[in-house]
């Protein structure tokens with residue numbers, strides 16, 4: 001029996017982010033689909049629909065105490081019953097409560113045999129209140145997990161936040177979850193095919209979204225090369241998201257990309273030094289010193305920059321200058337001759353990060369299995385999601401997989417055909433080691 | 001698919017069909033009246049149909065809007081109780097089909113209605129709410145809410161004592177007291193309860209792919225783990241010696257005599273071509289065990305030391321329910337495709 005599994009979309013987001021608006025939209029949209037909705041106990045779907053079932057979230061831990069095996073008992077019961085109906089559904093939507101950890105609901109579709117045989121997790125859609133998420137994103141592990149688990153993120157209520165804030169938010173979220181597709185919305189208005197029937201996971205599209213996600217990470221986010229006359233200049237910053245920021249000023253030989261690249265490694269080393277704290281009004285001198293700018297005061301903050309001689313200088317900053325409205329002033333504002341944005345590692349900032357791996361070559365299935373088994377056993381609780389497309393030796397088809405914590409679901413799909421065989425995968429989670437993961441994966445290639 | 005193990009279903013003579021009825025919807029419950037004169041079948045879409053023992057369709061009850069989930073006959077066979085997704089329990093006159101009472105059982109789906117084996121008491125479970133009613137529709141007790149949704153309610157076969165299953169606990173109650181008789185704490189989700197006919201042991205099937213035994217007198221507990229899937233199918237034989245369990249494509253029968261089942265090798269029965277077991281039913285007094293699978297097959301076994309498959313039958317769709325008539329002479333089997341068949345296995349044994 002190969003029955004098509006019914007796709008399930010999980011909708012997460014904090015209270016007030018727009019989940020109910022989105023649900024009502026999905027139910028009233030003329031998409032010709034028969035959709036069943038499992039609404040959370042506080043949900044208030046306005047649409048009259050007999051296929052809305054209200055559920056009280058019941059998280060079942062297993063007797064063996066493994067966190068990766070927690071499931072939503074209420075969903076198993078309700079969906080088990082719904083799937084017996086003659087009038088089958090084309091799609092199932094599950095709304096979680098605001099503070100829900102997405103793991104148990106996602107795991108339900110991997111752990112329970114009955115659910116697994118009839119339903120397939122199509123995607124996790126997280127809706128974010130673009131104005132109010134700042135209150136949570138630093139401190140709330142729930143908010144971080146909801147972002148990290150998502151396949152699609154809607155930045156909602158963008159009409160209520162200045163565009164520059166939304167840009168910053170998108171950059172921030174992109175760091176936590178580079179594999180998600182991000183859309184900006186007002187009143188949760190989004191085309192249905194962007195949130196329903198994602199067909200599981202498409203890494204190619206993730207790579208399109210963020211070509212940087214496989215790049216190395218840097219301890220800084222931005223560098224700009226300025227042509228400075230000898231003497232004093234001002235680095236002016238406005239209020240931003242952080243109370244301090246690291247920066248370094250390094251002389252370069254030429255105001256060119258090559259010139260910047262030549263000092264990049266010096267900057268990395270400088271950024272690994274102990275910070276030298278400086279308050280507004282203090283001076284930064286060019287060289288191998290890492291300054292920690294104190295930005296805790298309200299309003300405009302000025303730091304002096306002393307150029308001992310005229311020439312090119314690269315300013316490396318921990319965050320993008322736009323986040324602080326930062327600019328360099330001589331007698332007038334100065335623009336950098338060239339600038340570059342880096343993929344930051346942000347480990348001190350967000351615990352949630354991702355590791356992308358892309359490598360040509362064929363995999364030894366046995367080695368891969370052993371590595372994955374070991375990895376998931378030891379690191380399962382820290383790995384929120386993983387997804388990928390793999391080339392397995394002697395198999396003409398692509399092997400696609402996704403996982404939640406320790407749980408793994410994969411199968412061969414189309415043949416590679418003319419596309420070059422390669423492996424792309426991504427891990428999203430806490431305390432992930434890029435080096436360990438990359439080296440471990442490399443060992444699985446056919447020698 | 002290459003490499004996939006497909007087990008040939010073993011051959012055996014066919015079960016003799018007595019009658020059948022097409023109901024055109026997934027049968028979620030099938031139950032004989034206590035005197036064996038009628039058979040009720042509840043459909044997932046809501047309707048409940050009552051047949052006489054020869055297959056004449058006596059009643060078509062509307063059941064519950066959106067879906068019926070449970071069914072129970074009163075001991076005298078005159079009242080039928082149903083529970084459904086409309087968060088109601090209902091009492092029906094089993095002769096006329098008239099709706100007698102609508103019981104406010106709670107705010108959630110009524111997963112279980114269970115009449116006591118004798119007398120006039122009905123327990124209902126809706127979400128975390130457990131209530132006790134008389135057959136006249138009077139609310140006798142509204143118990144303190146359970147810590148999580150009640151997954152099963154089962155009366156002891158020969159006593160006015162019932163057990164409830166939920167996440168985290170198995171609890172027993174007597175009708176006369178609002179307090180539980182005993183709460184058996186267990187960290188996990190209990191899905192199904194089976195009392196041994198002698199009342200000494202309560203077996204449960206669990207979400208974490210295990211079967212748990214609680215011995216009421218000694219307080220001894222026992223757990224059998226390692227099933228491939230969650231266990232919802234349980235059936236004791238008449239002597240309280242054998243417990244048949246599902247949770248796999250193989251029927252596992254534990255011998256609970258002596259010091260067993262701890263440390264013993266269970267009897268394993270393979271009759272469903274590698275597809276999951278969906279229903280199990282030992283005879284009320286006889287030795288035969290019926291198993292039903294997702295493959296739509298019904299297998300009749302004599303599980304002892306010379307275990308053998310004695311009869312088989314097949315239904316369209318997946319098998320969902322098996323019920324022996326009280327005199328063990330008829331076996332009702334129902335399927336997801338809405339087929340209800342009544343067999344007469346006697347001639348096979």
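Only the coordinates and a few stated rules stand behind these numbers; no lab work does. On a predicted model such as this, the values are computed, not experimentally measured, just so you know. Counting neighbours? That spans all protein chains shown, and the Cβs are built from the backbone with ideal geometry, glycine included.
Quick look at the numbers
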{"quantity": "Taking the stretch A:222-341 and dividing mean pair separation by its residue count, relative contact order in percent (alpha carbons under 8 Å, at least six apart)", "calculated": "49 percent"}
{"quantity": "Solution diffusion estimate, µm²/s, Stokes-Einstein, the stretch A:8-126, Kirkwood Rh from C-alpha pairs, 4 °C, viscosity 1.567 mPa s", "calculated": "89 µm²/s"}
{"quantity": "Whole-angstrom Cα spans of the stretch A:352-442 along principal axes, big to small", "calculated": "37, 22, 20"}
{"quantity": "Average other protein chain Cβ within 10 Å of Cβ, residues A:81-93", "calculated": "3"}
{"quantity": "Dimensions in Å of the protein assembly as shown - Rg and Dmax from alpha carbons", "calculated": "32.3, 109"}
{"quantity": "Residue A:431 versus residue B:17: modelled label distance in nm, points set 7 Å from Cα along the beta carbon direction", "calculated": "6.3 nm"}
{"quantity": "Potential extension, residue A:297-residue A:367 segment - 0.36 nm per residue separation minus Cα distance", "calculated": "19.7 nm"}
{"quantity": "In range of the label at residue A:186: residues from the stretch A:123-146 whose backbone nitrogen is under 20 Å from the point 7 Å along Cα→Cβ", "calculated": "A:127-133"}
{"quantity": "Using distinct alpha-carbon pairs, which all enter the 1/r mean, Kirkwood radius of chain A in Å", "calculated": "24.0 Å"}
{"quantity": "Residue-span extension gain [residue A:5 to residue A:446] - 0.36 nm each, minus C-alpha spacing", "calculated": "155.4 nm"}
{"quantity": "Calculated FRET efficiency for the pair residue A:374/residue A:419, C-beta based, R₀ 35 Å, to 0.05", "calculated": "0.70"}
{"quantity": "Distance-filtered residues of the stretch A:296-324 - backbone nitrogen under 11 Å, label point 7 angstrom along residue A:239 Cα→Cβ", "calculated": "A:297-300"}
{"quantity": "Antiparallel bridges, percent of DSSP beta bridges restricted to chain A (to nearest 5)", "calculated": "65 percent"}
{"quantity": "Residue list for the stretch B:55-86, given a label point 7 angstrom along the Cα-to-Cβ vector of residue B:329 and an amide N cut-off under 14 Å", "calculated": "B:55"}
{"quantity": "Per-pair calculated FRET efficiency, R0 = 45 Å: residue A:331 and residue A:197 via Cβ, rounded to 0.05", "calculated": "0.20"}
{"quantity": "Global form of chain B, assessed from the alpha-carbon gyration tensor, a/c cut-off 1.5", "calculated": "oblate"}
{"quantity": "Ratio of Rg to Rh over the stretch B:191-274 (Cα coordinates, Kirkwood Rh, two decimals)", "calculated": "0.94"}
{"quantity": "Gain in span if fully extended, residue B:60 to residue B:308, counting 0.36 nm per residue against the direct Cα distance", "calculated": "85.4 nm"}
{"quantity": "Average beta-carbon neighbours from other chains, 10 Å sphere, peptide B:185-198", "calculated": "2"}
